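Participant: Encoded as structure tokens, here's the structure I'll be asking about.
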Amino acid sequence: MKQVFIFLTLFFALGLSAQKANNQNVKLVDMEPFHIDVDVETAKNMVRIQGDNLVFIDVRTPEEIAHGKIQGAVELNFKSPDFKQKLSELDKTKQYLVYAYAGGISRIAMNMMKDLGFKQVYNLDAGLKAWKQTEPVVSIK
């Protein structure tokens, strides 16, 4: 419980830093960087706090996504040859939560984003598999 409190306190401080960057056009270098794994409970709390300021990225294949995804998630196929190029085109001043089915591929994607200069990225540690146990997903047909 103490760790959750510390994380949420840190999250609020970093979130306010990101909000300040958006509101005052602060340079990207002024953002406090972090690239961390989060569990489902923490991710859900982040959604409640950040709302639309937190961008979900689903890095699974279209075939995997057809079985459902988190509502509103941006779809970027990790296996696509232009995956890194599409990542690099995203706004580096936003906060992102990256997920795959179980969290392994999304951790690789998070590290790629770090290398590309993204400052604030979360990885949904247990992936969509864990998310579906507590939250509904959107069916894609």
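Participant: Checking Lys2 against (1) at pLDDT 85 or above; (2) more than 20 Å from Leu116 (Cα to Cα); (3) of a type in the set (Lys, Arg), which single condition isn't satisfied?
Facilitator: So Lys2 meets the others, but not (1).
Participant: Limited to region 68-86, what total is found for residues that are in a loop (DSSP other than H, G, I, E, B), more than 11 Å from the chain's Cα centre (by Cα) and either under 20 Å from Gly127 (Cβ atoms) or of a type outside the set (D, E, K, R) (or both)?
Facilitator: Residues meeting the conditions: 10.
Participant: Continuing with this model, one more query. Taking only region 87-110 into account, find how many residues are in a helix (DSSP H, G or I) and under 13 Å from Phe34 (Cβ atoms).
Facilitator: 1
Participant: Now for a different question. Confirm whether Lys84 is among the charged types (D, E, K, R) and over 25 Å from Asp39 (Cβ atoms).
Facilitator: Values: among the charged types (D, E, K, R): yes; over 25 Å from Asp39 (Cβ atoms): yes.
Spelling it out, Lys84 is indeed among the charged types (D, E, K, R) and over 25 Å from Asp39 (Cβ atoms).
Participant: Looking at Tyr122, Tyr96, Tyr101, which one is aromatic (Phe, Trp, Tyr) and more than 12 Å from the chain's Cα centre (by Cα)?
Facilitator: Selected residue: Tyr101, the only one of Tyr122, Tyr96, Tyr101 that is aromatic (Phe, Trp, Tyr) and more than 12 Å from the chain's Cα centre (by Cα).
Participant: Just to be sure I understand, how many residues within region 112-141 are open to solvent by 70 Å² or more (accessible area, probe 1.4 Å), farther than 21 Å from His67 by Cα and touching a strand residue (DSSP E or B) at 6+ places or on another chain (Cβ under 9 Å)?
Facilitator: Applying the first criterion (open to solvent by 70 Å² or more (accessible area, probe 1.4 Å)) to region 112-141 yields 114-115, 129, 132-134, 136, 139, 141.
Now restrict to residues that are farther than 21 Å from His67 by Cα: 114-115.
In the following step, the residues that additionally are touching a strand residue (DSSP E or B) at 6+ places or on another chain (Cβ under 9 Å) were identified as 114.
Selection size over region 112-141: 1.
Participant: Leu90 - would you say it is among the hydrophobic types (A, V, I, L, M, F, W, C), modelled with pLDDT of 90 or more and open to solvent by less than 20 Å² (accessible area, probe 1.4 Å)?
Facilitator: When the stated conditions are applied, Leu90 does not pass them.
Participant: Same structure again: Of all residues in region 93-111, count the ones that are of a type in the set (Ser, Thr, Tyr), open to solvent by 50 Å² or more (accessible area, probe 1.4 Å) and touching a residue at least 60 places away in the same chain (Cβ under 8 Å).
Facilitator: Final tally of qualifying residues: 0.
Participant: Sticking with this one: With the requirement that a residue be closer than 19 Å to Leu97 by Cα and either surrounded by 14 or more Cβ atoms within 10 Å (Cβ to Cβ) or of a type outside the set (Gly, Ala, Ser) (or both), what does region 62-76 give you?
Facilitator: Step one: of region 62-76, the residues closer than 19 Å to Leu97 by Cα are 62, 64-65, 68-76.
Residues satisfying the conditions are Pro62, Glu64, Ile65, Gly68, Lys69, Ile70, Gln71, Ala73, Val74, Glu75, Leu76.
The values are calculated or read from the model by the stated rules, or taken from the named source; none is laboratory data. Not measured: the values here are computed from a predicted model. Cβ: placed from backbone, ideal geometry, glycine included. Neighbour counts: every protein chain shown. We work out accessible area using only protein heavy atoms, side chains counted, and drop any ligands, DNA or RNA first. Shrake-Rupley method; radii C 1.70, N 1.55, O 1.52, S 1.80 Å.
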